[in-house]
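Asks: Dropping a structure here in structure tokens format, bear with me for questions.
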Amino acid sequence: MSTDLPLWFDPSKCLIGGHWVAPAGGGTLPLYDPSTGARIGEIARGTADDIDAAVQAAETARHGPWARLSAAERGRILLRLGQLVTERVDDLARIEALDVGKPLKQARADAVALARYCEFYGGAADKLMGDTIPYLDGYTVYTLREPHGVTGHIVPWNYPMQIIGRSVGAALATGNTCVLKPAEDACLTALAFADMAKAAGLPDGVLNVVPGLGAEAGAALTSHPGIHHISFTGSVGTGVMVQQAAAQNVVPVTLELGGKSPQIVFDDADLEAALPFLVNAGVQNCGQTCSASSRILVHRSIHDQLLERMSARYAALRVGPAMDDLDVGPLISAKQQEIVSGYLNQGADLEIAGRAQLGDMPAGGYYVPPTLFSGVTADHALAQSEIFGPVQVVIPFDDEDQAVQIANGTDYGLVASVWTQNGARQMRLARRVRAGQIFINNYGAGGGVELPFGGMGKSGHGREKGFEALYGFTTLKTVAAFHG
Ligand code: NDP
């Protein structure tokens with residue numbers, strides 16, 4: 001299979017004000033194929049000057065024709081964009097597979113999801129309404145939902161297309177303009193998407209993309225006084241910096257910071273149904289998923305049986321280059337490989353209950369063996385830290401209270417699932433477990449364009465996805481008219 005990037009745009013440029021322009025400093029950054037470690041191109045190294053130009057272009061655009069489009073017309077542009085994405089799903093999948101090392105099938109699913117976000121938010125654009133409020137005699141009071149203005153979007157490398165779809169899609173549907181800073185390791189589909197948005201009729205300057213380093217372009221975006229809202233997905237440490245930068249300008253922030261999401265398996269669970277979810281939710285995208293399920297909590301009476309069956313699944317996992325389209329690809333970068341290998345070393349004292357074999361991998365690729373650890377205590381580093389690699393731990397529990405206590409015993413609260421046939425227990429745990437999304441007898445990592453998504457605790461705040469995201473990308477104005 002060809003490993004050429006099917007690009008129809010120049011990735012060493014930024015898209016600012018509707019024009020492809022070289023970064024002001026003229027810099028570039030190297031692009032590596034995670035499957036082989038080979039250098040496959042270069043991207044723009046945008047800096048503070050480019051961010052400034054992009055913010056100005058977005059500011060101009062928000063007062064231009066974009067401001068006068070009806071909500072239905074904005075929706076139609078998004079629907080056209082969704083159609084263009086659908087027509088290029090295969091190109092987008094191939095670009096993403098080569099750029100981020102995601103097996104082709106998983107990259108394709110991301111491109112399909114991106115089209116679906118455009119479709120969902122295109123359809124939702126003209127359905128966001130205000131309220132009329134009963135008030136004093138002689139008054140009519142109503143609320144208006146208005147766009148924030150210029151929105152900043154910092155997107156990580158793990159699911160670029162899905163995260164752009166959910167944040168930029170909702171921002172555009174509500175009439176905002178956008179400046180997008182994709183991750184330096186994964187900016188190609190962001191540029192492709194912006195180019196397609198132009199072709200779909202999005203006015204110049206409404207969506208601007210500036211690739212570059214987080215500490216340069218990213219920091220310049222989050223601290224720019226011309227930004228009115230920031231949407232960030234990434235690590236807790238960088239999220240804190242983003243929130244601090246936004247605070248200087250008193251700007252609202254949506255933070256999605258990952259998790260340590262548990263799946264809780266009771267002794268009456270349908271194990272046959274649960275098994276694929278238990279393993280896939282941990283190894284999908286090589287574990288680099290904010291909502292990855294990295295903790296499996298299991299009732300002690302079925303612990304050994306479950307371990308045996310998960311272990312068989314681990315042994316059957318096929319790992320390899322993204323273009324071979326197996327179950328698990330490489331990690332995104334040498335840096336991530338080092339981080340995950342460090343965690344695997346921390347598990348040296350633990351029992352390896354399941355492990356996928358790495359066969360003949362390309363020597364320079366960023367591979368690690370998907371690994372299932374058992375004999376893990378709830379306070380072990382591997383049971384507490386977001387590893388962001390294909391690593392799961394199995395922890396036994398004795399009763400429901402203990403299961404809840406372990407499930408809630410990390411800093412995070414993004415996603416959880418409960419596997420049990422007992423309806424009352426399903427309802428109780430849905431309330432007791434701390435997470436922004438609870439799945440009962442399934443696990444929805446990565447899916448659900450329609451489902452509000454976001455965290456509690458250090459998983460972040462604000463909600464993306466679904467109709468709920470539209471509230472976050474608008475600000476509420478109350479109009480009180482006295483007419484006697
Ligand atoms: P970061 O949080 O540093 O990066 C996420 C995004 O923020 C990227 O676009 C990055 O750009 C940008 N960024 C980095 N520094 C700044 C800054 N000072 N101001 C504004 N934006 C910035 O994560 P890493 O890529 O370093 O990954 C480290 C760990 O973070 C992972 O191991 C994982 O645990 C977690 N993570 C969680 C994600 C999630 O979905 N919740 C996604 C990605 C990472 P650039 O990449 O160009 O530096």
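Asks: Please give the number of the condition Ser459 fails out of (1) crowded, with 23+ Cβ neighbours inside 10 Å; (2) over 30 Å from Ala173 (Cα atoms); (3) within 16 Å of the ligand (Cβ to nearest atom); (4) not charged (D, E, K, R).
Replies: Condition not satisfied by Ser459: (2).
Asks: Being more than 6 Å from the ligand (Cβ to nearest atom), of a type in the set (Gly, Ala, Ser) and farther than 16 Å from Arg62 by Cβ is the filter here; which residues of segment 213-230 pass it?
Replies: Within segment 213-230, Ala217, Ala220, Ser223 qualify.
Asks: Which count do you get for residues in segment 128-164 that are without any contact (Cβ under 8 Å) to a residue 60 or more places away in the chain and assigned to a helix (DSSP H, G or I)?
Replies: Going through segment 128-164 one residue at a time, the tally reaches 1.
Asks: Can you name the condition, by its number, that Gly169 falls short on among (1) under 14 Å from the mean Cα position of the chain (by Cα); (2) within 23 Å of Gln337 (Cβ to Cβ); (3) more than 15 Å from the ligand (Cβ to nearest atom); (4) of a type outside the set (Lys, Arg)?
Replies: All conditions are met except number (2).
Asks: Then there is this: Could we say that Val265 is more than 10 Å from the ligand (Cβ to nearest atom), in the same structural domain as Asn422 (by TED's automatic domain parsing) and in contact with an Asp or Glu (Cβ under 8 Å, 6 or more places away or on another chain) here?
Replies: So Val265 does not fit the description; no.
Asks: Can you name every residue in segment 29-52 that is without any contact (Cβ under 8 Å) to a residue 40 or more places away in the chain and more than 24 Å from Gly359 (Cα to Cα)?
Replies: Selection gives Pro30, Gly41, Glu42, Asp49.
Asks: Which of the residues belonging to segment 281-302 are farther than 16 Å from Ala416 by Cβ and surrounded by fewer than 24 Cβ atoms within 10 Å (Cβ to Cβ)?
Replies: Once the filter is applied, which keeps residues that are farther than 16 Å from Ala416 by Cβ and surrounded by fewer than 24 Cβ atoms within 10 Å (Cβ to Cβ), segment 281-302 yields Gln284, Arg300, Ser301, Ile302.
Asks: Looking at segment 318-327, which of the residues that are surrounded by 21 or more Cβ atoms within 10 Å (Cβ to Cβ) and touching a Gly at 6+ places or on another chain (Cβ under 8 Å) is nearest to Pro390 (Cα to Cα)?
Replies: In this case the residue turns out to be Val319.
Asks: Of the residues that sit in segment 315-348 and are of a type outside the set (A, V, I, L, M, F, W, C) and more than 25 Å from Gly37 (Cα to Cα), which one is nearest to the ligand (Cβ to nearest atom)?
Replies: Out of the qualifying residues, it is Gln346.
Asks: A further question on this structure: Determine if segment 114-137 includes at least one residue that is surrounded by 22 or more Cβ atoms within 10 Å (Cβ to Cβ), within 14 Å of the ligand (Cβ to nearest atom), in the same structural domain as Thr233 (by TED's automatic domain parsing) and aliphatic (A, V, I, L, M).
Replies: Within segment 114-137, not a single residue is surrounded by 22 or more Cβ atoms within 10 Å (Cβ to Cβ), within 14 Å of the ligand (Cβ to nearest atom), in the same structural domain as Thr233 (by TED's automatic domain parsing) and aliphatic (A, V, I, L, M).
Asks: Let me ask something additional. Would you kindly identify the strands (runs of 3 or more DSSP E) lying entirely within segment 16-102 that contain at least 2 residues that are surrounded by 23 or more Cβ atoms within 10 Å (Cβ to Cβ)?
Replies: Strands (runs of 3 or more DSSP E) meeting the threshold: 39-44.
Asks: Name the strands (runs of 3 or more DSSP E) wholly inside segment 388-484 in which the number of residues that are closer than 23 Å to Ala124 by Cβ and touching a His at 6+ places or on another chain (Cβ under 7 Å) is 1 or more.
Replies: Fully inside segment 388-484 and qualifying: 474-482.
Asks: Looking only at residues that are outside any helix (DSSP H, G or I) and among the β-branched types (Val, Ile, Thr) in segment 219-264, which one is nearest to Gln402 (Cα to Cα)?
Replies: The selected residue is Ile264.
The values are calculated or read from the model by the stated rules, or taken from the named source; none is laboratory data. Everything numeric here is computed off the predicted structure, so don't read it as measured data. Because the Cβ atoms are built from the backbone with ideal geometry, glycine has one as well, and the counts that use them run over all protein chains shown.
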